[in-house]
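J.: Here it is, the structure in full.
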């Protein structure tokens, strides 16, 4: 079934860390798409892990993996195909990935889910007429963090894994995201602990299971392990971040330090600062078009 699609602004939902797309304020851009819902990409303690596949009328062979996550909570009903219009218009196939949620699961476990999702997509790429070596990733806030996690930590699976999907690589070729946490050990300033503390104390359950031991040493180790900034290499994929300079939830410093370290390492990274913008802002449609241009340039080789 082909459905006409209108392009809206991006989401301003009341989640602790906001995902990216909204169902409001449609504008003129249109696209047609076919949506396949609830494709199971893995199982976790009896829970099905699912993604939706949104295919354009005229696919270009590249895909964008969308992290459906706000506050490391993933809701299937927040998937809004209209928000993907800039990508569908250009022929990108969208894989909207839902992950297991906090407080039942923590960020390290959630990171495993999204790695599994990319492995699944790559393993089944031919089914969706997608080039397995042309996968981009996007998301906002917690979804931005997971996007950078894939960009900095994605890689080959164990060669001896029983499941052939787990042998696939979880690497992505391009990252473009909004206002992501990048360094939980310096969250807003040097030495500021954001590992379920400080500005993120209300998200403690995303970092530690109930009753889990905590100490300064444990915070340091966990913060290092889940912060994309500590996994930057010169080989990380081209990465674009858009971030507001009035963001009180995820300080702009998170994007600034990440991009500086990435460029210092010899990687391709760019930060676009939105003056006066907080954690999300009205009418992000023009910014999604900027992300689409980034994917065009680095996935398709089209520079505008």
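J.: What do the square roots of 5 times the Cα gyration tensor eigenvalues come to for the stretch 181-285, in whole Å, largest first, as semi-axes of the equivalent ellipsoid?
T.: 25, 19, 11
J.: So if each residue of separation counts as 0.36 nm, and I subtract the Cα-Cα distance between residue 245 and residue 270, what length gain in nm does that give? List each step's numbers first, then the result.
T.: Details: separation 25, 0.36 × 25 = 9.00 nm, distance 1.52 nm.
The span from residue 245 to residue 270 would gain 7.5 nm if fully extended.
J.: Can you compute the FRET efficiency between residue 131 and residue 224 using 1/(1 + (r/R0)^6), with r the Cβ-Cβ distance and R0 = 30 Å? Round to the nearest 0.05.
T.: The pair residue 131/residue 224 has a calculated efficiency of 0.35.
J.: Fewest to most neighbouring Cβ within 10 Å: what's the order for 43, 104?
T.: Ranking 43, 104 by Cβ neighbours within 10 Å, fewest first, gives 43, 104.
J.: Here is a further query. If only Cα atoms are counted, what is the Rg of the stretch 29-167, and what is its Dmax, in Å?
T.: Spelled out, the Cα radius of gyration and Dmax of the stretch 29-167 are 14.2, 47 Å.
J.: State the Cα centre-to-centre distance between the stretch 276-296 and the stretch 185-202 in whole Å.
T.: Here the answer is 26 Å between Cα centres.
J.: Turning to a different aspect of this structure: At R0 = 51 Å, how high is the FRET efficiency between residue 201 and residue 303 if r is their beta carbon distance? Nearest 0.05 is fine.
T.: It comes out at approximately 0.75.
J.: What residue among 217, 256, 109 shows peak mean-square fluctuation when the chain is described by a Gaussian network model with Cα springs under 10 Å?
T.: Greatest mean-square fluctuation among the candidates belongs to 217.
J.: So if each residue of separation counts as 0.36 nm, and I subtract the Cα-Cα distance between residue 47 and residue 165, what length gain in nm does that give? Working shown, then result.
T.: Details: separation 118, 0.36 × 118 = 42.48 nm, distance 1.80 nm.
In short, 40.7 nm is gained.
J.: Ok, one more. Could you list 236, 153, 67 in order of exposure, starting from the residue whose Cβ has the fewest other Cβ atoms within 10 Å?
T.: Ranked by crowding around the Cβ, least crowded first: 153, 236, 67.
J.: On to the next question. Using the Cα gyration tensor of the stretch 130-192, with a ≥ b ≥ c the square roots of its eigenvalues, what is the shape: rounded (a/c below 1.5), prolate (a/b larger than b/c) or oblate (neither)?
T.: Oblate is the answer for the stretch 130-192, as a/c is 1.5 or above yet b/c matches or exceeds a/b.
J.: I want to verify a result. In a Gaussian network model of the chain, Cα cutoff 10 Å, which of these has the top mean-square fluctuation: 192, 168, 214?
T.: Of 192, 168, 214, the most mobile in the Gaussian network model is 214.
J.: Follow-up. Could you work out the helix-only [θ] at 222 nm for the chain, with each DSSP H run of four or more residues adding -39,500 (n - 2.57) and the total divided by the number of residues, to the nearest 500 deg cm²/dmol?
T.: -7000 deg cm²/dmol
J.: Mean-square fluctuation check for the chain, GNM, Cα pairs under 10 Å: which of 135, 222, 146 is largest?
T.: The residue with the greatest mean-square fluctuation here is 222.
Every number in this text was worked out from the coordinates using simple rules, so none of it is lab data. Treat the numbers as computed from the prediction; the structure is a model and nothing was measured. Cβ atoms come from the backbone with ideal geometry, glycine included; neighbour counts cover every protein chain shown.
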